[in-house]
Each structure stands twice: as structure tokens, then as C-alpha cells.
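The values are calculated or read from the model by the stated rules, or taken from the named source; none is laboratory data. If you're wondering where the values come from, they're calculated on a predicted model, not measured in any experiment. Positions of Cβ are generated from backbone atoms using ideal geometry, with glycine treated the same way; all protein chains shown enter the neighbour counts. Side chains included, ligands, DNA and RNA excluded: accessible areas come from the protein's heavy atoms. Shrake-Rupley method; radii C 1.70, N 1.55, O 1.52, S 1.80 Å.
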Amino acid sequence: MSTSAKPWGKLAYYGVGSFACYAALFMNEREVLATFTRTDGAYWLLPVIVAFVISYFHGGFTGCFWEVLGVQAKKPVPKAVEKEEIEE
Amino acid sequence: MTEQLFIELNFQAVVFLLIIGFIGGLVSGFIGSGGAFVLTPGMMSLGVPGLVAVASNICHKFPKALVGAIKRHKFGQVDVKLGLSMAVTASLGMWWGSNIQKSIKATYGEAGSNLYVSAAFVIVLTIVGLFVLRDAVRIYRSGDTSGEEEVGRLARWVQSVEIPGTMVTFHVAKTRVSFLFILPLGFATGLLASTIAVGGFVGVPGMMYVLGASSLVASATELVIAFVMGLGGTINFAMSGYVDIRLAMLILLASLFGIQLGAIGTTYVHPYMIKVVMATIMLIVAVSRAIVVPVYLAQLGYMALDAATADILKKVSFVFMVAALAAGALIIIGAMIRGHRRQATA
């Protein structure tokens with residue numbers, strides 16, 4: 001399906017990051033839950049920050065995962081964008 | 001608070017969340033939304049309180065939508081300007097919708113609220129689902145399934161209406177419309193999102209049939225709306241301490257595999273398949289919600305129904321919901337495989 005080089009390095013980088021995030025979350029499950037659900041101060045930011053951090057690492061990992069397996073977007077991608085501008 | 005609101009996770013619960021998360025992600029990557037209607041009741045069936053289920057679902061939704069939107073943006077399918085315009089107006093709709101929900105709950109109780117949600121599901125999804133299905137069948141019968149989609153009559157009229165000072169051009173969606181048409185469309189998307197948790201069932205068809213965006217662009221742009229609304233919803237629930245980050249991140253763990261695959265799938269299939277998947281899911285979900293309407297009518301005293309029958313109806317309804325998601329996923333995978341074979345033999 002794909003002849004280009006596989007992104008093994010990126011897969012490892014994102015994979016380690018993703019694993020570390022999930023390990024930190026579930027090895028400290030009770031403390032995390034107790035802290036993240038506090039309604040005083042700015043503790044509400046914690047779930048939002050964690051979601052962004054995990055989406056960065058795990059999003060990168062899952063993207064590389066399919067690429068390494070050879071599952072990639074069809075090339076050329078269907079043209080959803082035309083170059084010509086719409087008349088103003 | 002922690003002990004009452006948050007469940008102990010066991011192996012079965014984790015596997016269940018991962019499977020539903022993956023399928024939900026696959027569908028979201030392909031049609032721009034989906035999964036929430038199964039995930040929320042699914043979590044509740046594990047013993048998660050309703051509010052925590054809604055909050056945790058929305059907390060997994062915004063990072064998922066972000067990853068999906070970035071992926072599909074790389075394919076040139078996302079109209080960020082349209083997505084943000086819709087998201088702003090959808091936020092108003094969401095606020096209005098949550099007020100309606102609160103008012104109904106205060107007047108008619110839990111059963112009244114459930115009946116309202118089910119009625120919204122059945123009416124909206126049946127009408128919109130049949131419309132989308134009819135369009136997909138028309139394209140299929142025309143024989144030109146791989147060509148560029150035609151802009152419908154309503155969208156052509158909307159594009160022809162010139163209201164000075166309100167016209168906005170969306171380059172990726174290849175449309176120029178008055179913001180006064182975006183306003184009610186985004187509002188309806190937010191209203192539906194606050195009612196049935198899947199605003200995309202109005203947002204995506206709206207962008208296609210009212211604004212004239214292609215199904216590829218509409219479904220990809222919906223991910224921007226889902227991100228903005230999901231982020232806002234998460235902040236709102238997190239401030240009240242309802243987000244179970246474990247549940248949200250477990251679902252996200254699997255759903256990101258799914259959303260990447262669903263997004264890749266859009267590049268292999270004929271664009272009308274997005275309409276086929278969307279219509280199929282909408283119509284099966286409408287049936288699922290219609291099945292439980294007698295339960296809520298009985299709870300409100302409008303009809304008689306014994307507890308055993310009510311329990312069976314609820315279970316059958318949930319099975320239909322899961323079937324809707326599974327049917328959507330099967331159509332997507334089948335279409336991807338066919339699309340890949342076409343490319344291989346071309």
C-alpha cells in the first residue's frame with residue numbers, strides 16, 4: 001500500500017510519550033481522580049490540559065501506527081479545495 | 001464525592017469502553033460525529049451516574065475531534081472559518097437547549113426529560129435521515145458516484161441571496177453565503193447537541209444542503225465544531241468536578257485509533273458513502289429511541305406498561321443503538337476495502 005519509509009522513530013517517540021501519560025494516570029488513579037475533580041481554584045484546568053497532552057502524544061502515535069502498517073491516505077487525495085478563488 | 005460518583009474500573013468495563021471508543025472514533029473520523037449516543041448510555045449501564053457519563057464523554061470528544069480535524073485538514077477537507085462560525089452560533093444553541101432541558105426536567109421530572117430527548121431523536125433523525133438517504137440513493141441511481149457532488153436547489157438559493165454587510169466567503173467549502181443563514185444553522189446544531197449529544201446530525205446535513213458544502217468538507221468541518229463545543233462543555237463540567245478523566249482517556253485511547261482510520265477512509269470512498277453511513281446510523285438510532293418512548297409515556301402516567309416489558313424495551317433500544325454504530329462501522333470498512341481495491345486495480 002505504501003512504498004515510503006516507515007516512521008519508526010516518530011512511532012517510538014509518540015508511543016513512549018503516550019505510554020508514560022497513561023501509566024502516570026492509571027498508576028495514581030485515586031489521587032488523580034481526587035485532584036482532578038476538586039471544584040476550588042483552577043483544578044478544572046487539569047482534565048483539559050491532560051486531554052491536550054494525551055491527544056498530542058497518542059494522536060501522533062496512532063497516526064504513525066497506521067502509517068507503519070501501510071494504511072495511509074489515498075494519493076492523490078480527492079480535491080476538496082480548488083485553487084481558483086470564489087468571486088467576491 | 002469521589003466514592004459516590006466514580007466507579008471502580010474492572011476488566012470488562014475497560015474492554016467495553018475500548019471497543020465502543022474505537023468504533024465511535026472510526027465513525028467520527030468518517031462522518032464528523034457519532035459515538036456519543038452509545039457511549040453515554042453505555043457508561044451509564046456500567047453504573048456511571050448520568051452527569052459523569054455526559055461529562056466524561058464530552059472530555060474525550062474534544063481531543064478526539066482535534067486529532068480528527070488536524071488529520072482531515074491535511075487532506076484539504078476542513079473549512080476552519082466555517083467550522084468556527086458554526087461553533088460560535090452553536091454555542092448559543094447549546095446554551096438555549098440546556099435551559100429548555102432544565103425547564104422540562106423541573107416541570108415534568110426525569111421521565112419528561114427523557115421523553116423530550118427521545119422525541120427529539122425520533123423526529124429529527126427520521127426527517128433528516130430519510131432526506132439524506134434519499135439523496136444518497138439518487139446519487140447511486142444516477143450512476144455518477146465518483147464525480148463531484150451537485151449543489152442542491154436550496155443551497156443554490158441560499159448562495160444567491162445577497163444581504164449587504166453579511167456575506168461571508170468560505171474558500172474550502174466553496175460557498176459564499178450570508179452569515180444570517182449560518183446563525184440559525186449553527187444554533188440548531190447546538191440545540192441538538194445539548195439535547196441528544198450529537199449536533200452533527202443537523203450540522204453536517206445543514207452544511208451540505210443549506211450552505212452547499214460537499215459531504216467531505218461538511219463532515220470534516222463538523223470536527224472543528226465538535227472540538228470547540230467539546231472544549232467548552234468539558235470546562236463547564238470540570239468546574240463542577242464531574243469529569244472522570246480515567247473513563248475519558250480510556251475511550252480516547254481507542255477512539256484515536258478509530259478516528260485516524262476513519263479520516264484515512266474518506267480518501268478511498270466515493271463521497272456519497274458519507275451520506276449512506278450518516279443516514280443508516282440516523283435511521284437505526286431513531287428506531288432505537290422510538291422503542292423506549294412507551295417506557296417514558298408510562299412513567300408519566302399516559303399509558304400502562306409493566307416493569308418487565310419496560311426493562312425489555314430499554315435493553316432492545318440499547319442493542320439497536322450499538323447496532324447503529326456497528327452498521328456504520330461495517331459500511332465504512334467495506335467501502336474502504338472496495339476503494340483500496342479500485343485503486344490497486346487502476
Out of the residues in the stretch A:28-56 meeting the condition of being open to solvent by less than 60 Å² (accessible area, probe 1.4 Å) and among the polar types (S, T, N, Q), tell me which one is farthest from the other protein chains (Cβ to nearest Cβ).
A:Thr35
Tell me yes or no: at least one residue of the stretch B:167-182 is assigned to a helix (DSSP H, G or I), under 25 Å from A:Pro47 (Cβ atoms) and touching a residue at least 24 places away in the same chain (Cβ under 8 Å).
no
Scan the stretch B:118-151 for residues that are assigned to a loop (DSSP other than H, G, I, E, B), open to solvent by less than 30 Å² (accessible area, probe 1.4 Å) and either within 24 Å of B:Lys314 (Cα to Cα) or in contact (Cβ under 8 Å) with a residue 40 or more places away in the chain (or both) and jot them down.
B:Thr145
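Looking at B:Ala155, B:Ala193, which one is touching a strand residue (DSSP E or B) at 6+ places or on another chain (Cβ under 8 Å), assigned to a helix (DSSP H, G or I) and small (Gly, Ala, Ser)?
Working: B:Ala193 fails: touching a strand residue (DSSP E or B) at 6+ places or on another chain (Cβ under 8 Å).
One residue alone meets the criteria, B:Ala155.
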Would you be able to tell me the number of residues in the stretch A:1-27 that are modelled with pLDDT under 95 and either open to solvent by 60 Å² or more (accessible area, probe 1.4 Å) or among the aromatic types (Phe, Trp, Tyr) (or both)?
4
In the stretch B:215-230, which residues are closer than 17 Å to B:Val88 by Cβ, within 11 Å of chain A (Cβ to nearest Cβ) and open to solvent by less than 10 Å² (accessible area, probe 1.4 Å)?
B:Thr221, B:Gly230
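From the list B:Val124, B:Val158, B:Val198, B:Val117, pick out the single residue that is under 25 Å from B:Leu223 (Cβ atoms) and modelled with pLDDT of 95 or more. Spell out how you get there, then give the answer.
Numbers: B:Val124 fails: modelled with pLDDT of 95 or more; B:Val198 fails: modelled with pLDDT of 95 or more; B:Val117 fails: modelled with pLDDT of 95 or more.
One residue alone meets the criteria, B:Val158.
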For the stretch B:59-77, which residues satisfy the criterion of being more than 9 Å from chain A (Cβ to nearest Cβ) and open to solvent by 30 Å² or more (accessible area, probe 1.4 Å)?
B:Lys61, B:His73
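Matching residues to (1) buried (at least 18 other Cβ atoms within 10 Å of the Cβ); (2) touching a residue at least 40 places away in the same chain (Cβ under 8 Å); (3) among the β-branched types (Val, Ile, Thr); (4) not in a helix (DSSP H, G or I):
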{"residue": "B:His270", "(1), (2), (3), (4)": "yes, yes, no, yes"}
{"residue": "B:Lys275", "(1), (2), (3), (4)": "yes, yes, no, no"}
{"residue": "B:Ala298", "(1), (2), (3), (4)": "yes, no, no, no"}
{"residue": "B:Val319", "(1), (2), (3), (4)": "no, no, yes, no"}
{"residue": "B:Leu325", "(1), (2), (3), (4)": "yes, yes, no, no"}
{"residue": "B:Ile331", "(1), (2), (3), (4)": "yes, yes, yes, no"}
Selected residue [in contact with a Ser or Thr (Cβ under 7 Å, 6 or more places away or on another chain), in a helix (DSSP H, G or I) and either away from chain A (no Cβ under 12 Å) or crowded, with 24+ Cβ neighbours inside 10 Å (or both)] from B:Leu17, B:Leu82, B:Leu26
B:Leu82
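From B:Gly241, B:Gly262, B:Gly212, B:Gly233, grab the single residue that is more than 20 Å from B:Gly24 (Cβ to Cβ) and either open to solvent by 10 Å² or more (accessible area, probe 1.4 Å) or more than 9 Å from chain A (Cβ to nearest Cβ) (or both).
When all the criteria are applied, what remains is B:Gly212.
Residue by residue through the stretch B:146-201, note down the ones that are within 12 Å of chain A (Cβ to nearest Cβ) and not charged (D, E, K, R). So that I can check it myself, show each step before the final result.
So in the stretch B:146-201, the residues within 12 Å of chain A (Cβ to nearest Cβ) come out as B:146-149, B:159, B:162, B:167-177.
Of everything in the stretch B:146-201, those that are within 12 Å of chain A (Cβ to nearest Cβ) and not charged (D, E, K, R) turn out to be B:Ser146, B:Gly147, B:Gln159, B:Met167, B:Val168, B:Thr169, B:Phe170, B:His171, B:Val172, B:Ala173, B:Thr175, B:Val177.
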If we scan the stretch B:85-101, do we find a residue that is surrounded by 24 or more Cβ atoms within 10 Å (Cβ to Cβ) and closer than 21 Å to B:Gln260 by Cβ?
no
